[in-house]
Each structure stands twice: as structure tokens, then as C-alpha cells.
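The values are calculated or read from the model by the stated rules, or taken from the named source; none is laboratory data. All values reported here derive from a predicted model rather than from experimental measurement. Glycine gets a Cβ as well: all are built from the backbone with ideal geometry, and neighbour counts include every protein chain shown. Side chains are part of the model used for accessible areas, which takes the heavy atoms of the whole protein and leaves out ligands, DNA and RNA. Shrake-Rupley method; radii C 1.70, N 1.55, O 1.52, S 1.80 Å.
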Amino acid sequence: MGPCNLPGVNRGEASGGRPPSGGLLHRLRERGVLRVAASYAVIAWLLLQIASVVFDPLGVPKWVITALIIAAAVGFPIAIALAWVLEIGERGIELDTAAVGAPRPTTRGLRHYADAIVIGILLVAVVALLVRQSDIGKPKAPAHPAIAVLPFENLSGDPSQEYFSDGLAEEMLDRLGRVPGLRVIARSSSFGFRGRDIDAREVAEKLGVTTVLEGSVRRDGKRLKLNARLIDGATGQQAWSGSFDREMTDVFDVQAELANAIVSAIIPAARGAVPEHPAPPTTDLSAYDLYLLARAQLAVRTPKNQRKSLELMDQAVQIDPNFALAHAHRAASLLLLRMYDDTTPEQRDAWLREAEVSVHRALALDPNLSEAHRAYATLLRDSGRPGADEEYRRALELNPNNAVAWHDYAVYLGSVAARHDESARALLRSMELDPRQPNVWANYLPDTLAPGGKRYREEVARAIRTVGDIPDALNFIGIGAAQFGYPVESMKVALAKQSLKVDEVAKPWIFFYRAWQPVDLDRATAALPGPEAVPGNSFMGAIRLFSAVDIAGLKGDWTALDSLLADARAQVGDASPNVRSVMAFWLAVQGRYDEAAASLALVGQLPDWDAPVRLGGDTTYGLLDVAVLRIYRATGRTAEASRMAQALLGTLRKDRRAAGQSCQWDGWMRYAGVAANEGLKDEAVDALQGAMRCYDLPFGFRPQLPWFRSLEGYPPYDELLRERERRIERIRAELVGLQGNAAAQSTSATLQGQPSTG
């Protein structure tokens, strides 16, 4: 700042006898303005650098650093003005009214130290700059890099353009998926965080990744602006950021540059580079636009969306017949339509032929397209033709991060004899790449079943932590837990589902009913809603009726069962195979064989041939076979029943020998029921022991059923009954505790004025 007049100082002596100068530069230097300007700039820059490094890991909002930059810019001219008009001297801060050339203090005050302070600040700033540009303090490249690409934010102002920003993020997934040594999380898992205020570190923890990519896209006419940044999953610090402002025609160049920048930031150079396409996937941006729209529809697993995806892919390949990716995804749409659309066999065959034409076209245009090989492999698998194994392997060789290919390959391997271990490894890889996909969890959890159940319980707990906010995933997990004989895990899923306050597909009461059913029929009954709460002619009404029939049968309350059977005939008629099956099951248990046979015949489940059949029924515990055998014998088809029993036992014995001590076999209760019904006590008990070893409380082990009652008095069976009772007491106590804790938390939240989760 400028000087003040000091008494006793001669201006001429102070100036060395030189005449005072009135030049602007001299005056700025004389009043200390230049020194203040330099100090202000350096200090402001240094503080902003420190803030940019410190604020991000602390989670300080981005607007704070923006506000600091604006404040620093606004304060600069104010500091210059104050330096011109004010002076700091022995008497404090004063207006500077000294004439030009007047002497300034040189031995006291701030000026004496100003030069040293400015030089010191400059040195600190240089050191800070060197540190910032170096690797010191930056997250180091992970040894086993894994990345999640979040959906890019659409900044165009038009919600209908979201498909484009999503499409660019998906294309980035595809490019990064081909990088050696990099694990890339699938779209279905990473895109689930769209619109949620969640920290990058939490995303990284949930998905098991080391790095998270965030981005935003603005599409304005022919211009494309993309901003992206990499966040270290452990610290939350920014590892890299970049901006791209180009013509729309350069969209593929932008994708390549971004992918290379990401790889350079998180993967050591020796690990490999981004494989490049020899050419852009299409030269027509309108075809590319349609392709992105179609991919957005393809991600939604409904017949309506698959049809829309097919329609858009058709338009894309009409515009550019050489668009290999569009042909590959057209085949994928057709194959999904065959799976999800309830249509005629003729139509499904036609879609299969169309898919084959599309996939061959894609492979002819680009033999190195992973999606084309995956689609072809699935086509071969679904049509029962050879070659699926080689095609899946080729798809995964071209893109080791193709989560859908890993999942589909696991399904294929699971259908091939003696390849269960390979199927389990493929499924585990699919789980690593797509940890929030409901279908993956549904197929993965059965593979964790092992004697004692410890691993299964741990994995169900992990599943709830990972996908506890996805209703469909909880449906799969909860139903599976009940069917595998783990009531406590089913209850935990029920409570997690209840906390979401949603009722899609399966309501929490279904899980509560399933959890209580093996251990306390009164509580299971109380968990069911009344008939007035669920319309009888609705899907959920049929499930409620199905459950009520089953509980009445388990209780042996035949009067209530007759009333429910009348309701079933009035409400669902002949349209519900599951309700008809459970009706037939309990009619057969009562010995009402003619009625049971009529009920099964209505839904085509009473065979007229001499061959073993796989009969189901959700709560018949795999024991509808036994009911059919009893119906046959009671209705004069004794020889057929004997041949069927021998064929069934032959198959079950073979499977039992192959299973050994493994819990991957799902035929324990079926074998136990058929063997008990045929008077084979040793085989029945052996199967029950296998079920008790693998499951906490086998869902089909119902001692009140007549074929199991025939085993009473046989010592090994009686010991099984005692063990079952011990487990029931333990499980009942755990279920009561879980519901009590949930109720207490709900009450506490209500008293504190928070939303209840009970």
C-alpha cells in the first residue's frame, strides 16, 4: 500500500536529491500498488489451488469453489483501489495524501517485510504447482483396475435427448470392455444410480470398483460438448478430468480420445491399450441416432420395448445396410422377443429365422464384433444346435467384460452334463461385472448352497446390501430363500422389501407368509391379506388364494379347504395352473382322487403316457409326482403308476449318485417323497438327510403328509424329526426377533418425526 508522511524526514534527502517523478508506473510503485497486486494474485491463486485439492475429498459442494473464484475476481480491483488510497504506517491505516515523491517508511511497518513475504509466497506457490502437477497426493493407479461408468448427465435441456447421453456412456462401456486388464461394470448395474444423490465412493463400494467415471453431454444442433471426470473410488478424489467440444461428426473421435485418456489415467502403460475399430461403426449419424434409441429400448425387458427396439433397428439398417452393430442388436431384440412375448410357436420360429439372418449379416460385416458372436451363440443354444460353446468363447475373447455373454454362457454350461463347475465360474464372473442385475442374483445364489448354509446366508446378506433398493431383485432373492429352506433369510428380504414402500410384482406379505409357513402356521395365516384386500380375479388375488389353500391343507382344516376350493372354482376357473395344482395336491392327500384327477386334467398336468414326467407346483415341494402316483393307483391305473415310479426312481438314483454330497442338486425332496411313497425307507431317509444337510429347514419336509407318516417309528427318521423340531424352535425365535427389531425401529422413527421403514 502507499506510504504516509512521516515527521522529520526530508523529502529531498529521501529521494536522493532527484526530482520527483509524476509517471503512472512510478506512482503505482511508490504507493505499493504493484506489490499489492502481485501479492493478491499469488495468494488468491494459492488459496484456490489448496481449496480445489481439499474440498473435493471433503465432499464440499462444487458451487463453493465457484463462489470463491468469483469473490477473488471481484476483490482484485477493490484491493488495487485500497492500495492506492490507503497507507499502513506507524499510526495504523490512513488515507495516503502524500505528494508525489514524498518519502515512505523504509525501516518499519509492512513494507520492510513485503518483498520477503511476496518472494516466500511465490516459492510456496511454485512448490504447490509442482506437487499438483506431479503424482504426489494423487490416487495411484490400482493394481486391479475396475471402473463403473455412470449415466452421462443430459444438459441439452430436452429430456427426450437422454437416450443420446446414455448411448455415449454405453459406447464408452463397450470400448473400455475390450481393454486387457480392466474390469468394466455392466450398464444394468451402473445405470441404476441415475438421478440419485450418492457419493462416488459409495457407488464404488456397492459395485466393487476402483474408479468411477462421471460425465455430462450437451448436444446443441451440430455441436457436441462432453465433460468427463474420473473419481478414485477409495478417496473420492478426482483422478482426471477432460472436456471435448466438437462437431457432431467427430463423435466417434471423441469416444476414442476419452477412452484412451481413461486408460492412461488408471492403467499402467504395460497393461495394454484401447483396441481401436478400423473404422467408425457407421458413417451416417441419423442411423447412429436410431441405433442409440433402439439400445435404450433393448435395455427394458418387456415385449413392447423389444418390439420398439426391433422397429428402430430396422430403420437404422435401412439407412446404413453396413451397420454391423445395428444388425447384431437387431438379432438380440428378436431373441429377447422369443423369450418375453407370449405368442405362437410359429411366430417364435419366424423370429429365430430372422435373428439368424441378422446375426450372419453382422458377422459378415465385422467378424470381430463381440455382440454378434454372443447373439449367435444364444441363437444356437436356444435352437439346440451345436457350436454355442465356441461362439460364447469367441464373444468373451473379443470383449472379456461382456456381462451378458458371461451370464448366457453360464446358463448354457449349466445345461450341459458335468460342466457345473465351469457354469459356476462363468456366473461368478457375470456377478462381478453386473452386481446389481436381478437375474444374475437369481442364478448365482443357488450356486452358493453348501452344507451348513453359512456361505448362502452371507451371500443373501450381501445381496440385500447390494440390491436392496431394487424390488425385482428382492423378489428373486426372497422367493429363492424360502424355496431353498432358509426362512430367516426370506424374512430379512421381506423386511427390506417392506422398507421400500413398493408393491410391484410381489408384495412383502408373500415373503412373510413363506418365512412363517414352515415354523408357525398361525402366523403364516395372519400374514395373508383378507380376500377383500386383494381382488380375487387379479394376479395377486390368485397368489393369495393359492397360499390360503396351501395353509389350510397343511393345517388339515378340510372344512376351510372346501370353502377355498369353491372360491377357487368361482374366481380363477380353469385359468390358473398353479392354483389347480395345489388344489389337486391337497385333494389327493385327503384321498379325493377323482376330484384331484379332474383338477389336474383341466390344466394338462395328468399325463396319459408311460414315461417319467417333471411335475411342478410351487408349494407342492416337488411332490406333485407322489400325488399323481396315488391318483393313478386309486383310479385303476396301477400298472402305469408302477412303471412311472420305477422310471422316476431310476432317474433320481442316478442323479443322487452324481450329486454326492453336493448341495447343487435340487431333487432331494422329490426323491424323498417318491421313495417314501414306494415304501423305500432307507432311500427316503437318505434323501431327507441330504436335504437337512443342505438347507436350514427343507421347504418340502412336511411330516403330516401321509407318505412321510409311513416312516414314523423308523429310528433314523425319528432322529430327523427331532432335529427338525430343534431347528424350528431356533428359527422361530430368530423370526420373532427380526420382526420385533423392525417394529422397534419403526416406532423410534415415528417418535422422532422421521419416515418409518417398518
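Yes or no, residue by residue, for (1) among the hydroxyl-bearing types (Ser, Thr, Tyr); (2) within 13 Å of ILE262 (Cα to Cα); (3) in a loop (DSSP other than H, G, I, E, B):
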residue: VAL179; (1), (2), (3): no, yes, yes
residue: SER190; (1), (2), (3): yes, no, no
residue: GLY195; (1), (2), (3): no, no, yes
residue: GLU205; (1), (2), (3): no, no, no
residue: GLU214; (1), (2), (3): no, yes, no
residue: ARG219; (1), (2), (3): no, no, no
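Among the residues of region 294-307, write down those that are open to solvent by 60 Å² or more (accessible area, probe 1.4 Å), assigned to a helix (DSSP H, G or I) and in contact (Cβ under 8 Å) with a residue 12 or more places away in the chain.
ARG307
Could you go through region 501-513 and let me know if any residue there is at pLDDT 90 or above, out of contact with any strand residue (DSSP E or B) (no Cβ under 6 Å at 6 or more places or on another chain) and under 28 Å from TRP668 (Cβ atoms). Don't jump to the end; show me each part of the working.
As a first pass, look at region 501-513 and keep what is at pLDDT 90 or above: none.
Among the residues of region 501-513, not one is at pLDDT 90 or above, out of contact with any strand residue (DSSP E or B) (no Cβ under 6 Å at 6 or more places or on another chain) and under 28 Å from TRP668 (Cβ atoms), which makes the answer no.
In region 441-464, how many residues are open to solvent by 30 Å² or more (accessible area, probe 1.4 Å) and either in contact (Cβ under 8 Å) with a residue 60 or more places away in the chain or of a type outside the set (Lys, Arg) (or both)?
Taking region 441-464 first, the residues open to solvent by 30 Å² or more (accessible area, probe 1.4 Å) are 442-443, 446-447, 450-452, 454-455, 457-458, 461-462, 464.
Pick out the ones that are also either in contact (Cβ under 8 Å) with a residue 60 or more places away in the chain or of a type outside the set (Lys, Arg) (or both) and you get 442-443, 446-447, 450-452, 458, 461, 464.
So the answer is 10.
Testing GLY236 on (1) open to solvent by 50 Å² or more (accessible area, probe 1.4 Å); (2) within 22 Å of the chain's Cα centre (by Cα), one condition comes back false. Which one is that?
(1)
Can you tell me which residue in region 140-177 is farthest from LEU258 (Cα to Cα), limited to those that are in contact with a helix residue (DSSP H, G or I) (Cβ under 9 Å, 6 or more places away or on another chain) and among the polar types (S, T, N, Q)?
At the first step, the residues of region 140-177 found to be in contact with a helix residue (DSSP H, G or I) (Cβ under 9 Å, 6 or more places away or on another chain) are 141-142, 145-156, 162-164, 166-177.
Within this subset, residues satisfying the condition of being among the polar types (S, T, N, Q) are 154, 156.
On the way: ASN154: 17, SER156: 20 Å.
So, considering only residues that are in contact with a helix residue (DSSP H, G or I) (Cβ under 9 Å, 6 or more places away or on another chain) and among the polar types (S, T, N, Q), the one farthest from LEU258 (Cα to Cα) is SER156.
In region 469-489, which residues are open to solvent by less than 20 Å² (accessible area, probe 1.4 Å) and either within 23 Å of ARG693 (Cα to Cα) or not aliphatic (A, V, I, L, M) (or both)? Lay out the reasoning, then the answer.
Taking region 469-489 as the starting set, the residues that turn out to be open to solvent by less than 20 Å² (accessible area, probe 1.4 Å) are 473-475, 477-478, 480-482, 485-489.
Hits for region 469-489 are ASN475, ILE477, GLY478, GLY480, ALA481, ALA482, GLY485, TYR486, PRO487, VAL488, GLU489.
Just the residues that are outside any helix (DSSP H, G or I) and among the aromatic types (Phe, Trp, Tyr), please, taken from region 318-344.
Within region 318-344, the first condition is being outside any helix (DSSP H, G or I), and the residues that meet it are 320-323, 341-344.
Answer for region 318-344, where residues must be outside any helix (DSSP H, G or I) and among the aromatic types (Phe, Trp, Tyr): just PHE323.
Conditions: (1) part of a loop (DSSP other than H, G, I, E, B); (2) open to solvent by 70 Å² or more (accessible area, probe 1.4 Å); (3) within 21 Å of GLY384 (Cα to Cα); (4) among the β-branched types (Val, Ile, Thr). THR283 meets all but one. Number of the miss?
(3)
Which residues, counting only those in region 381-409, are touching a residue at least 40 places away in the same chain (Cβ under 8 Å) and either at positive phi or of a type in the set (Val, Ile, Thr) (or both)?
If we filter region 381-409 for residues that are touching a residue at least 40 places away in the same chain (Cβ under 8 Å), which is where we start, we get 382, 398-404.
Answer for region 381-409, where residues must be touching a residue at least 40 places away in the same chain (Cβ under 8 Å) and either at positive phi or of a type in the set (Val, Ile, Thr) (or both): just VAL404.
Assess whether ALA733 counts as being out of contact with any Gly (no Cβ under 8 Å at 6 or more places or on another chain) and assigned to a helix (DSSP H, G or I). Spell out the reasoning first.
Values: out of contact with any Gly (no Cβ under 8 Å at 6 or more places or on another chain): yes; assigned to a helix (DSSP H, G or I): yes.
Yes.
Are any residues in region 646-702 open to solvent by less than 30 Å² (accessible area, probe 1.4 Å) and on the phi > 0 side of the Ramachandran plot, and if so, which ones?
Within region 646-702, GLY660 is the sole residue that qualifies.
Which residue pairs have Cβ atoms closer than 9 Å, lie 6 or more positions apart in sequence or on different chains, and pair a first residue in region 410-438 that is under 23 Å from ALA473 (Cβ atoms) with a second residue that is open to solvent by 70 Å² or more (accessible area, probe 1.4 Å) and of a type in the set (Ser, Thr, Tyr)?
Qualifying pairs under 9 Å: SER423/SER415.
Please find, among ARG132, ARG108, ARG178, the residue that is open to solvent by 40 Å² or more (accessible area, probe 1.4 Å) and modelled with pLDDT of 65 or more.
On the way: ARG132 fails: modelled with pLDDT of 65 or more; ARG108 fails: modelled with pLDDT of 65 or more.
It is ARG178.
For region 341-380, which residues satisfy the criterion of being of a type in the set (D, E, K, R) and either open to solvent by 30 Å² or more (accessible area, probe 1.4 Å) or closer than 13 Å to ASN402 by Cβ (or both)?
Step one: of region 341-380, the residues of a type in the set (D, E, K, R) are 341-342, 346, 348-349, 353-354, 356, 361, 366, 371, 374.
Within region 341-380, ASP342, GLU346, ARG348, ASP349, ARG353, GLU354, GLU356, ARG361, ASP366, GLU371, ARG374 qualify.
Any chance region 206-215 includes a residue that's open to solvent by less than 10 Å² (accessible area, probe 1.4 Å), over 17 Å from GLU170 (Cβ atoms) and in contact (Cβ under 8 Å) with a residue 60 or more places away in the chain?
Filtering region 206-215 down to residues open to solvent by less than 10 Å² (accessible area, probe 1.4 Å) leaves 207, 211-213.
Adding the requirement that they be over 17 Å from GLU170 (Cβ atoms) leaves 211.
From what's left, in contact (Cβ under 8 Å) with a residue 60 or more places away in the chain: 211.
Yes, the conditions are met somewhere in region 206-215.
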